[in-house]
Amino acid sequence: MKSFWKNCFIVFMLLVLTVTSYSETLKREETFFFGGGLWNAPSNWNPLTPWAAVPGTVGGIYETLFAYDPLTNEFIPWLAEKGYWQDNTHYYLKLRDNLKWTDGEILNAEDVIYTFEIAKMNTGITYSSIWNWMKNIKKLSNTELVFEFSDPRYHEWNYQLYQISIIPKHIWEKYPIDDVVTLANENPIGSGMYLAYDKTDDRMIFKRNDNWWGKDIFGLPAPKYLVELKIFSNNVALGMLMKGELDVSNFFLPGVPSVKNIYGIKTWFKDAPYMLSDNTALLFLNTRKKPMDDPKFRKALAYSINISPIIRRVFEFQVEKANPLGFLPIESWMKYYDEKIVEEYGFTYSPAMANKILDEAGYKDIDNDGYRETPDGNKINLTIIVPFGWTDWMESIKNISADFEKIGIKAEPKFPDYGKYMEDMNSATFDMLINNFNSNVSSTPWTYFNWLFESNQVNNEKEYGGNWGRYVNQELFDLVNEFNRTKDEEKGKEIASNIEKIFLEEMPVIPLWYNGMWFQANEKYWTNYPIEETPVAWPSLWGGRWQVGGNIMLLNLKSVK
């Protein structure tokens, strides 16, 4: 333990010295330091591979047609001035006037068309499947387009409107088409309010684009420089935040509830739960393995898990218990939440009910060793895994394992390294695991359904799109697809109710708690952060989130001096 703290202190001092060194170059009162999304040395600025790009590449350097605000459930016109469905198969889009790239070239309809056409030419691009349901794009003028769809998927289209980065045709058409997804894209030419300025192994530095097209519409952000830090230790991040060397942390920081008032640290809520609910942590059950292939067994496990001690002991009340469907408490999702379905088919913590279900299903302790056997007499020896070092989740599965033991189910917590965890997850060699990779806030619960019940890869040797437990239910898959294809909101609610009924009857995954939108801010240099009283933006600078609140947060910052 002594060596642990010694190492933390050494890392902390190195970071302090490094920050101090850069502060001599970048004036501190002009520079905004943040962390929580950079986990590797900056090496990729390719918006066509957003999962690999430095956070801020999408949203900061490259921009999307719309931004999305989860707080108001509104699309914010960004590069687009407006967009709407002309009929069931045609979507009209009007770009803003006077858009331009950072090299001075005009951004127009040709760039938008090329951004989509390049995904037809290279099917390795993440949104290339859009051409399975989009027919063509017609240019009406330099700022007007119409997208024609052969098989419109309304929810997915709305989602892509704030996910796809528009790229400059005059730059990208020069690259060999086969190389566009492998480019590091150093010195990126985008259209955003920040430029890629410099980097070292432990940081990415952005410089404000004072010629940004949007300055007359949105204004310019106050920070001239943004420094995105790679910080591996939560303790180091907390120390830097307390000293004002980190302006915003998007890390989970144990101890914040105890010290926030002492050091004047801002969180979204003054008191518990302190953080907005950003994504849902779920227990995935490998439905290819016995006894997790039995919905009665899965439902019994759902009844047996007591989330309250996890919230209290592990998360210090910084998270909230998930509802039985795991729906995030945001309007875009909750308007599809069917209270009657949840009341009839949902679950609450009840070991007695869990035991009753198991007893009736034939899971009994035959050999009196304290653990139940399967109905055909086989022992049940399961494991629950989370990555080593994810201390909150590690402690959580210890609690869950203890809950399972109370109903006679043996499930040992295990902590493989991250690579082994991913391998087990993608190849379905695990028994149970916790994951939340694509349960985050969005404009539609379709993103959640599509991730949980991904159907295209479920029978492959490796699964990368979600549905880690390999749950197969064609009726459910069809409903998710039908939901995606339904523009009428009331009809969508009917379909969502049917999805939810199957979800709660079958319980292929068990919603646990909402991971927080970890946000802690220091006001030593910057102020006017988004908080409960001034909810102007979702306070995230994680990758893929700049256009979901991060940019608006930056635009609202004010210098203390």
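The values are calculated or read from the model by the stated rules, or taken from the named source; none is laboratory data. Remember, it's a predicted structure, so these values are computed and weren't measured experimentally. Ideal geometry is used to build each Cβ from the backbone, glycine not excepted, and the neighbour counts take in all protein chains shown. Side chains are part of the model used for accessible areas, which takes the heavy atoms of the whole protein and leaves out ligands, DNA and RNA. Shrake-Rupley method; radii C 1.70, N 1.55, O 1.52, S 1.80 Å.
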Quiz item: Is it fair to say residue 138 is within 22 Å of residue 546 (Cα to Cα), at pLDDT 95 or above, of a type in the set (Lys, Arg) and open to solvent by 50 Å² or more (accessible area, probe 1.4 Å)?
Solution: no
Exercise. Counting only residues that are of a type in the set (D, E, K, R) and more than 29 Å from the chain's Cα centre (by Cα), give me the strands (runs of 3 or more DSSP E) lying completely in the stretch 100-210 with at least 2 of them.
Key: 134-139, 144-149
Quiz prompt | Where residue 107 falls short, out of the listed (1) surrounded by fewer than 19 Cβ atoms within 10 Å (Cβ to Cβ); (2) closer than 25 Å to residue 208 by Cβ | solution = (1)
Quiz item: Among the candidates 510, 499, which residue alone is open to solvent by less than 10 Å² (accessible area, probe 1.4 Å), part of a helix (DSSP H, G or I) and either closer than 22 Å to residue 163 by Cβ or modelled with pLDDT of 95 or more (or both)?
Solution: 499
Self-check item: In the stretch 497-522, the residues that are touching a Leu at 6+ places or on another chain (Cβ under 7 Å), closer than 15 Å to residue 480 by Cβ and not aliphatic (A, V, I, L, M)
Solution: 498, 500, 503, 508
Quiz item: Which numbered condition trips up residue 527, out of (1) hydroxyl-bearing (Ser, Thr, Tyr); (2) crowded, with 19+ Cβ neighbours inside 10 Å; (3) without any contact (Cβ under 8 Å) to a residue 40 or more places away in the chain?
Solution: (2)
Quiz prompt | Residue that is nearest to residue 390 (Cα to Cα) [pool: residues in the stretch 254-268 that are touching a helix residue (DSSP H, G or I) at 6+ places or on another chain (Cβ under 8 Å), open to solvent by less than 70 Å² (accessible area, probe 1.4 Å) and part of a helix (DSSP H, G or I)] | solution = 256
Quiz item: If you scan the stretch 60-88, which residues turn out to be within 23 Å of residue 142 (Cα to Cα) and assigned to a loop (DSSP other than H, G, I, E, B)?
Solution: 61, 64, 65, 78, 79, 86, 87
Quiz item: Going through the stretch 531-561 one residue at a time, which ones are under 19 Å from the mean Cα position of the chain (by Cα) and either crowded, with 23+ Cβ neighbours inside 10 Å or in a strand (DSSP E or B) (or both)?
Solution: 538, 539, 540, 541, 545, 546, 547, 548, 549, 550, 551, 553
Exercise. At least 1 residues that are farther than 27 Å from residue 323 by Cβ and in contact with a Lys or Arg (Cβ under 8 Å, 6 or more places away or on another chain) in each: list the helices (runs of 4 or more DSSP H) lying fully within the stretch 361-465 that qualify.
Key: 418-427
Quiz prompt | Yes/no for residue 297 being aromatic (Phe, Trp, Tyr), farther than 30 Å from residue 468 by Cα, out of contact with any strand residue (DSSP E or B) (no Cβ under 7 Å at 6 or more places or on another chain) and touching a residue at least 24 places away in the same chain (Cβ under 8 Å) | solution = no
Practice problem: Considering each residue of the stretch 306-323, count those that are surrounded by fewer than 21 Cβ atoms within 10 Å (Cβ to Cβ) and assigned to a loop (DSSP other than H, G, I, E, B), and give that number. | Solution: 4
Exercise. Tell me which residues, restricted to the stretch 234-253, are open to solvent by 10 Å² or more (accessible area, probe 1.4 Å) and not in a helix (DSSP H, G or I).
Key: 245, 252
Practice problem: Could you please let me know if residue 94 is modelled with pLDDT of 95 or more, of a type in the set (Lys, Arg), in a strand (DSSP E or B) and buried (at least 17 other Cβ atoms within 10 Å of the Cβ)? | Solution: yes
Quiz item: Looking only at residues in the stretch 1-53 that are among the aromatic types (Phe, Trp, Tyr) and farther than 30 Å from residue 163 by Cβ, which one is modelled with the lowest pLDDT?
Solution: 4
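Table: residues versus (1) open to solvent by 40 Å² or more (accessible area, probe 1.4 Å); (2) within 18 Å of residue 101 (Cβ to Cβ); (3) among the aromatic types (Phe, Trp, Tyr).
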residue	(1), (2), (3)
149	no, no, yes
165	no, yes, no
190	no, yes, no
216	yes, yes, no
219	no, no, no
Quiz item: Which of (1) open to solvent by less than 40 Å² (accessible area, probe 1.4 Å); (2) part of a helix (DSSP H, G or I); (3) at pLDDT 95 or above is the odd one out, the single condition residue 296 does not satisfy?
Solution: (1)
